[in-house]
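One structure is given below, encoded as C-alpha cells.
Just so you know, all these numbers are worked out from the coordinates, no wet-lab data involved. Everything quoted here is computed from the prediction, not taken from an experiment. Here the Cβ is made from the backbone with ideal geometry for all residues, glycine too, and neighbour counts use every protein chain on show.
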Amino acid sequence: MMFLILRRLTNERTYFGNLTVILRQKKKKKVLVDNLNFKLYEGQCLGILGESGSGKSLTVKAILGLLDRNFEITGKALFKGKNLLKENKESLRKLRGEQVTMVLQNPMTCFDPLCKINDQIAETFAMHLNLSKKEIHELSIELLNKMLIKDPEEVLEKYPHQLSGGMLQRIMIGIALALKPDLLVADEPTTAIDAITQYEILEEFMHIKERKNTSMIFITHDLGAISKVADEIIVMNKGRLVDQGNFDYILHYAKDEYTRLLVEKKLAVMKQYREVVDKKE
C-alpha cells in the first residue's frame, strides 16, 4: 500500500490549489469559481461533472489563460513544476499547442470556414512541429486513418461545412493526439452529436486512456460519458467543488445533496432514452 501511495505522488503532474475566478463588472465583483482544489496524476483521466453554469469550462479556461482582463484569477495551477497563473501570454500560447491540447464542445467554431481542412491541419503542425511539408501531409493522412475516417485524401480537400460535426470532432481529436500532449482537455466533446458518433468518440478517448501516456481532463454534464472514461470525478455546483470520488462512489455513495439529485436526474433521462430506443426497435 505504501508503494502505491508513493508512486501516485511521484507521478503527480498537475495541481490546482485555491483556484478562484472573479468577474469584475464595473464596481461589482462576482465569484464564478470559488477556492477549487484538486490533483491530476500522470496517465489519469479526471472527469469534471456539473450542469451548465457550474464553472466546469471556466475553470480550465482560467488555467490556460483563455479569459480576458475582466476576470481576476488567483490561486495556483501547477503543471510540470510551473504555476500557469504566473506565466505570460506567449508562454501559455506555446504551452497550449505543445504540452496541452484541447478538444472543444463545438468543433465548427474551431475551424476557419474559408479554408480547407488540409491547410488548417498543416498550419497547426507547422506551428508546433518541426516537420517538412511532405511529413506534415503524411502525418495528416495518418491521423485521419487513426480516427477511422474514410477517403482521407478527399476529406483533406474539403471545407468544414462539408463535413459532419462528428467527423470534425474526430479530426480535432486526431490533431490533438498528433501533437503528443502531456495533457488533453476535452470540453463537452460528445454534446450535440448523434448517439453513434458519440459512441465512436468515446471509444477514441478510451484508447487514449489505455495508452496511459497522456493525462486527461474530461468536462461534461453527461453521466454516461464520464462513467466510461474517468478514473476520478469531481462534481461542481455554482463554482464550488461539492463532491469527489470514482464513478461508483458518485453513483451510489455521494454525500452531497446536489450530487445525488444530479445523478438521479441524469439516470432518469438515460432510462427514458432507453425506453424510446426499445420502442423503436
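Which entry in [x] 21.4, 63; [y] 19.6, 58; [z] 17.4, 55 matches Rg and Dmax of the Cα atoms in Å derived from the coordinates of this structure?
Only one listed value fits the structure, namely [y].
Can you tell me the length gained on complete extension of the stretch residue 76 to residue 20, counting 0.36 nm per residue apart and subtracting the Cα distance?
Difference between extended and current length: 19.2 nm.
Can you order the peptides 258-266, 66-74, 43-51 by their average number of other Cβ atoms within 10 Å per residue, highest first?
So the peptides 258-266, 66-74, 43-51, ranked by packing, come out 43-51, 258-266, 66-74.
Within the stretch 133-177, name every residue whose backbone N is under 12 Å away from a label modeled 7 Å from Cα of residue 119 along the Cβ vector.
157-160
Would you list 229, 33 from fewest to most Cβ contacts within 10 Å?
So the ranking, lowest neighbour count to highest, is 229, 33.
Can you compute the charge dipole magnitude of the chain about its Cα centre, using +1 on each Lys and Arg Cβ and -1 on each Asp and Glu Cβ, nothing else charged? Give it in debye, rounded to the nearest 20.
Around 1400 debye, computed over the chain.
Residue 109: net charge of surrounding residues, Cβ under 13 Å, Lys/Arg +1, Asp/Glu -1, itself excluded?
Surrounding charge for residue 109 is -3.
Counting other C-beta atoms within 10 Å, which of 222, 231 has the fewest, and how do the rest follow?
231, 222
Looking only at 88, 35, 237, which one moves most when the chain is put into a Gaussian network model with springs between Cα atoms under 10 Å?
Largest GNM mean-square fluctuation: 88.
Just want the ordering: 96, 240, from fewest to most Cβ atoms lying within 10 Å of their own Cβ.
Listed from fewest to most nearby Cβ atoms, that is 240, 96.
Based on the Cβ-Cβ distance from residue 30 to residue 112, what FRET efficiency comes out when R0 is 30 Å, to the nearest 0.05?
0.35
Between residue 240 and residue 130, what length in nm is gained on full extension when 0.36 nm per residue of separation is reduced by their alpha carbon distance?
Going from the current span to full extension adds 35.5 nm.
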